[in-house]
Ligand SMILES: Nc1nc2c(c(=O)[nH]1)N[C@H]1C(S)=C(S)[C@@H](COP(=O)(O)OP(=O)(O)OC[C@H]3O[C@@H](n4cnc5c(=O)[nH]c(N)nc54)[C@H](O)[C@@H]3O)O[C@H]1N2
Ligand SMILES: Nc1nc2c(c(=O)[nH]1)N[C@H]1C(S)=C(S)[C@@H](COP(=O)(O)OP(=O)(O)OC[C@H]3O[C@@H](n4cnc5c(=O)[nH]c(N)nc54)[C@H](O)[C@@H]3O)O[C@H]1N2
Ligand code: SF4
Ligand SMILES: [Mo]
């Protein structure tokens, strides 16, 4: 008898696909009935996750021990005066956060800030007050979809069916697969999206195509925004972006007087100015009246916990997730992450991890961080435990069901329960009651759980917590990284730290990996016209470090860019340990790179 069960993919991905398990985890398929999955899973789930070698044995000081002995060592480590929990996004289930409850009780420290989407989120909050997810059914209704710094075919493949029959505009420094199919691709210079949004807004005012009726009601400060756009000089900015009036005109044809959705990805905001970029894009959308209407809006990474009462919210001390100095703690628990590779400026990160007396790694796979750990605790994967999965890409909430039982690893709930018992702490509820607590807060629609804050058309009544605020346009912009003097009429001079001889670093995701899980890489992609032979070795250097990588030609790149995917060994030696001006986000692309051929 085939025992059919369902669960959902918990990897850190927009899609959160629903999975049908026919007969054990080797027989998984996408759920054809699910509104997102379209019946297909990606190769990461069909292949990589099954091939990846799990950590099976707990380790203490490199010696294999029983789980009981390893947990005893974890307990001892948490008896030390100072401890930190650094959590990655290896599993998107809400139960990952249960360890907060223990950290709070031992007076430990948690992190704030983001390696991912925090800058953009901050910019959205400034304009709209809340970061609501645009429902997928609205994307289906659009006439034009603008894909702005998101590599949909790689990172968000299940969006593709929603894009059928749309006019597609792509804004990306790379001629991505979707850019090749697009009606219009603007191969923009990296880190200029703010200026592009402001220029488009300026032209919309010039030709009087703004949605005045909507603006009067929901964004009445639009006259001030007009003044702000006028401070920006057209000619030098278009030249700097690498575009012209013809391109702007063509782009406007896809934007004015129609239903438009912007799919904005993390690519536009891997910079100190990332929040301003999202706010400028939001301001452009507002000018066109794209909020609160059918088939319109901005789809970015939404705040999936919005509207939930989180039972794992605690009031601990926190430090930056991006620039943490691990050496300040006696004990560091790394859960579901690989900071030694995924945090920026990894040379500095590794040095500080090496100084930690008790580094505990709690995860599935061996990686740069697990190799440094004194205590290694194997985790259970998402097929082996119960959980609830929210999504930053859509409104659906799923229950994760235990599909298979293995002797390997421990769940986050059992890990926490062990420590509560070991420290004689009370107050931990049953696993089932936490899961029920999350699910019971959801709305239900056609048999699916959905976010409690779901609205068919977000911002239809207005902005802010209560929906009675106005939209707030961007009103200033500050940038220390490039010389902005020539772009503005009123701003003061800034020191020009940029050397145009150097390359921009693009460091997006790979289709072979989920961040640093699964296949790793060792390549730098560069345009063949730069004259470096495929297979030769280049040394890449930035102000923060160097890494040697093998050349791979890519004709889809601009001549001023190098592309190194984030699963590449050592890529973050090049990136700066700084946080964005708002949102405390990592700024992986705020760096320029020199290259030199390694002889021999
Ligand atoms: N250069 C560059 N760097 C980047 C990025 C980039 O684009 N470029 N992207 C950034 C972004 S967006 C992100 S989100 C971060 C991601 O960075 P991290 O959050 O550090 O994620 P990973 O490196 O994928 O590590 C995830 C680990 O989680 C563990 N794991 C998986 N499932 C479970 C589980 O159920 N329980 C436990 N305990 N462990 C589990 C696995 O062992 C895996 O090694 O990287 C950031 N770093
Ligand atoms: N296969 C796979 N899927 C994943 C992941 C993975 O590792 N592998 N990671 C998941 C995670 S954690 C996240 S956060 C999401 C992120 O998914 P995406 O939002 O798609 O993010 P990235 O892949 O980092 O980059 C997106 C695009 O931005 C472009 N870009 C870079 N710089 C700029 C710029 O200055 N301006 C503009 N306009 N574009 C720019 C890049 O060329 C790239 O095409 O993907 C998730 N999905
Ligand atoms: S990684 Fe993303 S696309 Fe692949 S199965 Fe999981 S949720 Fe779906
Ligand atoms: Mo991410």
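Below are the figures for this structure:
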quantity: Any strands (runs of 3 or more DSSP E) falling wholly within segment 243-352 and containing at least 2 residues that are within 25 Å of the chain's Cα centre (by Cα) and buried (at least 24 other Cβ atoms within 10 Å of the Cβ); calculated: 260-264, 297-299, 331-335
quantity: Residue in segment 174-183 that is surrounded by fewer than 20 Cβ atoms within 10 Å (Cβ to Cβ), more than 19 Å from residue 565 (Cβ to Cβ) and away from ligand 3 (no atom under 16 Å from the Cβ) present; calculated: yes
quantity: Residues within segment 322-376 that are within 12 Å of residue 572 (Cα to Cα) and either more than 13 Å from ligand 1 (Cβ to nearest atom) or not assigned by TED's automatic domain parsing to the domain that holds residue 61 (or both), tallied; calculated: 3
quantity: Failed condition for residue 64, given (1) within 16 Å of ligand 1 (Cβ to nearest atom); (2) closer than 26 Å to residue 369 by Cα; (3) surrounded by 12 or more Cβ atoms within 10 Å (Cβ to Cβ); calculated: (1)
quantity: Residue match in segment 44-61 (condition: in contact with a helix residue (DSSP H, G or I) (Cβ under 8 Å, 6 or more places away or on another chain), under 30 Å from residue 269 (Cα atoms) and within 16 Å of ligand 2 (Cβ to nearest atom)); calculated: no
quantity: Qualifying residues in segment 81-96 (those that are under 19 Å from residue 71 (Cα atoms) and surrounded by fewer than 20 Cβ atoms within 10 Å (Cβ to Cβ)) - the one nearest to ligand 3 (Cβ to nearest atom); calculated: 82
quantity: Filtered residue count, segment 18-43, keeping only those that are more than 12 Å from ligand 2 (Cβ to nearest atom) and in contact with a helix residue (DSSP H, G or I) (Cβ under 8 Å, 6 or more places away or on another chain); calculated: 10
quantity: Considering residues of segment 136-164 that are assigned to a helix (DSSP H, G or I) and over 20 Å from residue 180 (Cβ atoms) only, the residue farthest from ligand 3 (Cβ to nearest atom); calculated: 138
quantity: For residue 435: the one exception among (1) in a helix (DSSP H, G or I); (2) closer than 17 Å to residue 103 by Cβ; (3) touching a residue at least 60 places away in the same chain (Cβ under 8 Å); calculated: (2)
quantity: Residue match in segment 44-61 (condition: part of a loop (DSSP other than H, G, I, E, B), more than 16 Å from ligand 1 (Cβ to nearest atom) and on the phi > 0 side of the Ramachandran plot); calculated: yes
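The values are calculated or read from the model by the stated rules, or taken from the named source; none is laboratory data. A quick note: this is a predicted structure, and the numbers were derived from the prediction, not measured. All Cβ positions, even for glycine, are placed from backbone atoms using ideal geometry, and neighbour counts span all protein chains on display.
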